[in-house]
Amino acid sequence: MTAASDSLPLWRPYLHELPAHHDPAFINIDTLEKLLSTRTTRVLTSKDETRVRVTDIYDDHRGSTIHTTPESLRSVLTTEPAIPYGVNVRIISIYSVNSITPLKIPPPLMALLLQRYAVHPTFLQVLLSFGKNVHISEAGSSHACVDARDTDTYVSYQINYVEETHRKIIPWSWRHTGVYHHRHQPGQGKKGHDLFILLQPNETGVLDNRILTGLGILAESRSQPCLDPVYGSDYPIKLHSIVLSSFIGNWRWYLRHLGDQFEEYNDKALVALPEESTPRESYDTVSALRDLNDFTLRAEICCRGSLDLVSALRPAIASSLDMQSPASLKQTVIGYEALESTLQGYIKSCEELVPRIRNAIDLAGYTLSLHNQLDTAKVDRELRDLIGHLKELQQDSVDDSAAVKIITFLSAVYLPGSFIVSLYGMNFFVFDSDSRQIVIAKDFWVFLATWLPLTMVTGLIYVLIVWFDAWWKRKPFHLFQRPGKEANSQSKPQVIMREDAKCKMNI
């Protein structure tokens, strides 16, 4: 059996009891069972470790206990009844080391918690978002759900935000927090209760500290009026305001951080000269600006998701407060309107920053393109100069070759005669001192009969040598050819190849 099939019995008791507590028409048991059996391995810890805080608020006091062993938490979850008598609010905080590590609660205890409190199935979508950083495809989704009934109200959502870590390389980190709220109001004369389940990325976060400090649980802390039953009965609803106000304000400083980075890279892009900047510098600038553009887009999407969340929570919160406390209702509605206005301002800032970043990306890209064009033009000039020098060398070589051929031909003509003259000792010509004239001997025909055949034989040997050299090198045989014609004959194949290439491109 696989690990997924082994985990099915853990979730079946909770899933089979869901139709008795919630509308079965909106519950797909098979899909939920598959999701819980296959995707909780990265959401919930596989080790025997627990980090869960249970905070109970009574009429006259409050207490908080952090459970670090499965046995301790199991004892709390199996206590009868699920909500102890006299408890007004129970807050169950489940921690993780950070947003990308599993929650510190084993699957059996998580299944018991879901079954014990009949948790609304929409909260499972929030639960399965943990164990991984804020996914780009879910950055704009808060998985918000508000299910209001006669005596029960279920609120479930996830808020995505950023948190400053003060690290040198990456000073901001993406976080998400899950919230589940079940408000039970049995009716007149009976006491209701509120259950909160908080999925938090770390134990030392702002939200947990504000809740415990406001309730006066932490050492050297005093309770806040909005969380104290003595001063107000609507403090469970105020917890949603605390959640939203703890994280939404971070966007202002994160956007300022992105704006400072943009100004730095934009200044570099404006002063960069194509002939002075290197391709590596231009590429790094474009890469950094693209990352900045992605961060800004994700921030805009998260702010839009938070705006939708606030818009969905405001009527639900107002309905829960009802008209029994008009002062608190008015104050809460004003606070939610202020959050909506703030988020709209953040979204407009993102909408203004994104086009400016893209303009800077285009400018840096143009600088890189111009730099490449300048390098290409420089290489082209160097190639033209080199080709010019090669042409000059080729022309000099052709001229030298022509001179050598002429000298060789003349030598072939005169060398046999010189040889014959030296052979016969110039006896065919006699100088007559009396008549002071050169007298040609009667046997001069012997010289001609010897010189002319020998000259022809010498020329024939030269022609045979040139023909054999052309045959050996697989070149056309040309005894005498002008350089211009040879150059034209060599350029014709290149022209033909270019025409063939153009034809192929057109095809």
**Request:** Output the qualifying pairs, or none if there are none: Cβ atoms under 6 angstrom, residues six or more apart or on different chains, first residue in region 147-173 and free of Cβ contacts under 8 Å to residues at least 24 places away in the same chain, second residue of a type in the set (Ser, Thr, Tyr).
**Result:** Thr165/Ser173
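Listed here are the residues, each with its yes/no results for (1) out of contact with any helix residue (DSSP H, G or I) (no Cβ under 9 Å at 6 or more places or on another chain); (2) among the charged types (D, E, K, R); (3) open to solvent by 40 Å² or more (accessible area, probe 1.4 Å); (4) outside the structural domain of Pro84 (by the TED database).
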site: Ser142; (1), (2), (3), (4): no, no, no, no
site: Arg175; (1), (2), (3), (4): no, yes, no, no
site: His181; (1), (2), (3), (4): no, no, no, no
site: Thr204; (1), (2), (3), (4): yes, no, yes, no
site: Ile217; (1), (2), (3), (4): no, no, yes, no
**Asked** Any idea which residue in region 50-75 is nearest to Leu207 (Cα to Cα), counting only those that are without any contact (Cβ under 8 Å) to a residue 40 or more places away in the chain and open to solvent by less than 30 Å² (accessible area, probe 1.4 Å)?
**Response** Val54
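Among the listed residues Val146, Val162, Val155, identify the single one that is aliphatic (A, V, I, L, M), surrounded by fewer than 20 Cβ atoms within 10 Å (Cβ to Cβ) and either closer than 21 Å to Ser129 by Cα or touching a Leu at 6+ places or on another chain (Cβ under 9 Å) (or both).
Numbers: Val162 fails: surrounded by fewer than 20 Cβ atoms within 10 Å (Cβ to Cβ); Val155 fails: surrounded by fewer than 20 Cβ atoms within 10 Å (Cβ to Cβ).
Only one candidate passes the filter, namely Val146.
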**Item:** Glu80 being over 19 Å from His182 (Cα atoms) and open to solvent by 50 Å² or more (accessible area, probe 1.4 Å)
**Value:** no
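On the basis of being modelled with pLDDT of 90 or more, within 38 Å of the chain's Cα centre (by Cα), charged (D, E, K, R) and open to solvent by 40 Å² or more (accessible area, probe 1.4 Å), does Arg42 make the cut? Please lay out each step first, then the result.
On the way: modelled with pLDDT of 90 or more: no; within 38 Å of the chain's Cα centre (by Cα): yes; charged (D, E, K, R): yes; open to solvent by 40 Å² or more (accessible area, probe 1.4 Å): yes.
Here the answer is no, as Arg42 does not meet what is asked.
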**Message:** Exactly one of these conditions fails for Trp11: (1) surrounded by 15 or more Cβ atoms within 10 Å (Cβ to Cβ); (2) within 35 Å of the chain's Cα centre (by Cα). Give me its number.
**Reply:** (2)
**Prompt:** Looking at (1) at pLDDT below 85; (2) of a type outside the set (Phe, Trp, Tyr); (3) more than 21 Å from Lys104 (Cβ to Cβ), which is the only condition Asp147 fails?
**Reply:** (1)
**Asked** What helices (runs of 4 or more DSSP H) completely inside region 51-164 contain at least 1 residues that are of a type in the set (S, T, N, Q), more than 40 Å from the chain's Cα centre (by Cα) and closer than 23 Å to Glu33 by Cα?
**Response** 107-116
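The values are calculated or read from the model by the stated rules, or taken from the named source; none is laboratory data. None of these values were measured; they are calculated from a predicted model. Every residue, glycine among them, receives a Cβ derived from its backbone with ideal geometry; neighbour counts consider all protein chains shown. Remember, those area values only see protein heavy atoms, side chains included, never the ligands or the DNA or RNA. Shrake-Rupley method; radii C 1.70, N 1.55, O 1.52, S 1.80 Å.
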